[in-house]
């Protein structure tokens, strides 16, 4: 477990400095832990597990600047997963009481589940609802893989507007996901 | 979109993230809060006329020390609560110490005073306005602290809101020290704390509504 902590932390720290391959590996590994963490806790709503995995990944990406390398990665990721799960359950409010003890940080990296099920909510559909100043930078840079300069040229936006558009667009997308 | 595609999207050319985001954001919020609070002070209250003389008295600095210590603790607590998975730790244990300190001073002063003077030491001349003036001066700090936290990731929203309010209240009280003529520990230990409590309670109530992400 501590080997996993070290490995994941190394990947995230490299990802934070701009290493896309390391960051991809981090998100990929984390998604397996998230799935294994959420599935038994959301046993009554199995169809919604993958939605919440995606929502949590998006949240982790958007809040990644709050990670401090002096801090255990497990505690950080677990706190976000737990927060997102409680937020999700509150949104479904009143339907079912939460009967799961939440002192489970120890077991957070204990299991992996790599098999992703279909998400019910389609993030691509939500992406299409964003205004162009967010949607186009995300589309060109994050989905088609164009550079900042190429995206600026294709959209007629300035390079800084493109960067801001990606950043704010992913936050706006996270807000849409929550609704 | 499948989860794999989402990960692909998020990890493509990720923007590098410089460390220190939590500190920078809270520092910026305190800076803007101070500017706003100074404007309110200039518009509605003004600096006390005898500031130079007062600053030669030890009690002036004792009075400053209370909000200053509370501010330092509240900033540390707010910064910790802005990060997922970080507990309050020793900040929680430290919080009561400045309060107990001023109460101890107040107790000594009240016991030493003649019985007829005690009420005046507690109520001063400005007890009616003091807590509300502190709350007013803390408002820009509160707005700043909430702005800072909304860009970070608090997971205990009521507690995070309360610490944002505590930080704002202590900062507002610190600014108010430049106006306030009162010099009695009993006054400071009562009305200043009440003034600081107003934004703290406001933050506690607003946190769960405004800090969700």
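Hey, could you check region B:28-52 for residues that are surrounded by fewer than 14 Cβ atoms within 10 Å (Cβ to Cβ) and in a helix (DSSP H, G or I) and say which is farthest from the chain's Cα centre (by Cα)? Ranking the qualifying residues of region B:28-52, first place goes to B:52.
Which one of these is surrounded by fewer than 22 Cβ atoms within 10 Å (Cβ to Cβ), more than 14 Å from chain A (Cβ to nearest Cβ) and modelled with pLDDT of 95 or more: B:143, B:120? Give the steps one after another, and end with the answer.
Details: B:120 fails: modelled with pLDDT of 95 or more.
That would be B:143, the only listed residue that is surrounded by fewer than 22 Cβ atoms within 10 Å (Cβ to Cβ), more than 14 Å from chain A (Cβ to nearest Cβ) and modelled with pLDDT of 95 or more.
Return yes when residue B:154 is modelled with pLDDT of 95 or more and part of a helix (DSSP H, G or I) and no when it is not. Spelling it out, it is not the case that residue B:154 is modelled with pLDDT of 95 or more and part of a helix (DSSP H, G or I).
Going by the conditions given, is residue B:59 assigned to a helix (DSSP H, G or I), in contact with a helix residue (DSSP H, G or I) (Cβ under 7 Å, 6 or more places away or on another chain) and in contact (Cβ under 8 Å) with a residue 24 or more places away in the chain? No; evaluated as a whole, the condition is false for this residue. Only residues that are within 8 Å of chain A (Cβ to nearest Cβ) and surrounded by 14 or more Cβ atoms within 10 Å (Cβ to Cβ) were counted in region B:16-27, giving 4. Can you spot a residue in region B:65-78 that is modelled with pLDDT of 95 or more, under 30 Å from residue A:11 (Cα atoms), outside any helix (DSSP H, G or I) and within 17 Å of the chain's Cα centre (by Cα)? Checking region B:65-78: not a single residue is modelled with pLDDT of 95 or more, under 30 Å from residue A:11 (Cα atoms), outside any helix (DSSP H, G or I) and within 17 Å of the chain's Cα centre (by Cα). Could you tell me whether residue B:95 is more than 14 Å from every other protein chain (Cβ to nearest Cβ), under 30 Å from residue A:64 (Cα atoms) and touching a helix residue (DSSP H, G or I) at 6+ places or on another chain (Cβ under 8 Å)? The answer is yes for residue B:95. Would you confirm, using the coordinates I've provided, whether residue B:88 is under 19 Å from the mean Cα position of the chain (by Cα) and not in a helix (DSSP H, G or I)? Criteria met by residue B:88. Residue B:160 satisfies every condition listed in (1) within 14 Å of chain A (Cβ to nearest Cβ); (2) over 14 Å from the mean Cα position of the chain (by Cα) except (2).
The values are calculated or read from the model by the stated rules, or taken from the named source; none is laboratory data. Please read all numbers here as calculations on a predicted model, not as lab measurements. Cβ coordinates were reconstructed from backbone atoms using ideal geometry, including for glycine residues, and neighbour counts include every protein chain displayed.
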